[in-house]
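*Asks:* First, the structure itself, so that you have it in front of you.
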Amino acid sequence: MAEGFTIDGLTYEVGFSGDTINFAIVGGANPVYDSDPYDPFDSPDDWSIEPRVTADIGVTRYPLRVYRQVLLRVHDWLGRTRPKIFSFSARSDRRYWIYERVARHLAERFDYDLQIIGGKYLFFKLKPGAASQDVPPAATDRRATA
C-alpha cells in the first residue's frame, strides 16, 4: 500500500510493505532548481522509467511540510493496522537526527519498544507479561523519555 502527496511540485510517496515503511520522491519537478517536469512524451525511451528517489537530497523549499505529511500518514497506518513489528531506515547520515526524533516519537506515542542498529529503526511489541529480564541485553529498549 502506498499513499502519495505533492508539495512544491514534487510528488512524494509513503509506502507500507509488510513490516517496512518506505519514503521516496516519485515524480514532479522543483521550481527552485528550474528543472523540467518529468514528461514521458519527450522521449519514447522514457516511457518505462519511473523516477523513484530515495536518497536524502535537498530538493524542497518546505521540508517541514513534507515531514508533517509523512508523519500524518505513518500515524494513520499505525492506528489502522497496529503491526506487531515494523521498521524504516535512514538513507543518509545528513538527516539522521530527524529519523531518530521520529523513531523515538513513534515508539512513545504508540507504545513500541525501539532498537536502533546503524541506520535501521526496528519497532516491536513484547508479548504481554514478558519481563525485561527475558530480553537479551543487546535488544533492550532505547526509547526516549522526553
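The values are calculated or read from the model by the stated rules, or taken from the named source; none is laboratory data. Source: prediction; values computed, not measured. Glycine also receives a Cβ, built like all others from the backbone with ideal geometry; neighbour counts cover every protein chain displayed.
*Asks:* Just name the residue that is nearest to Tyr12 (Cα to Cα) out of those in segment 72-93 that are of a type in the set (A, V, I, L, M) and more than 12 Å from the chain's Cα centre (by Cα).
*Replies:* Let us first name the residues in segment 72-93 that are of a type in the set (A, V, I, L, M), namely 72, 74, 78, 85, 90.
Next, only the ones that are more than 12 Å from the chain's Cα centre (by Cα) stay: 78, 85.
Details: Leu78: 19, Ile85: 24 Å.
Among them, the one singled out is Leu78.
*Asks:* When only residues in segment 74-115 that are among the aromatic types (Phe, Trp, Tyr) and part of a loop (DSSP other than H, G, I, E, B) count, which is surrounded by the fewest Cβ atoms within 10 Å (Cβ to Cβ)? Show your work before the answer.
*Replies:* So in segment 74-115, the residues among the aromatic types (Phe, Trp, Tyr) come out as 77, 86, 88, 96-97, 99, 110, 112.
Narrowing further to those that are part of a loop (DSSP other than H, G, I, E, B): 110, 112.
Numbers: Phe110: 16, Tyr112: 22.
This residue is Phe110.
*Asks:* Moving on. Pro128 fails exactly one of the following numbered conditions: (1) modelled with pLDDT of 90 or more; (2) in a loop (DSSP other than H, G, I, E, B). What is the number of that condition?
*Replies:* Of the numbered conditions (1) modelled with pLDDT of 90 or more; (2) in a loop (DSSP other than H, G, I, E, B), the odd one out for Pro128 is (1).
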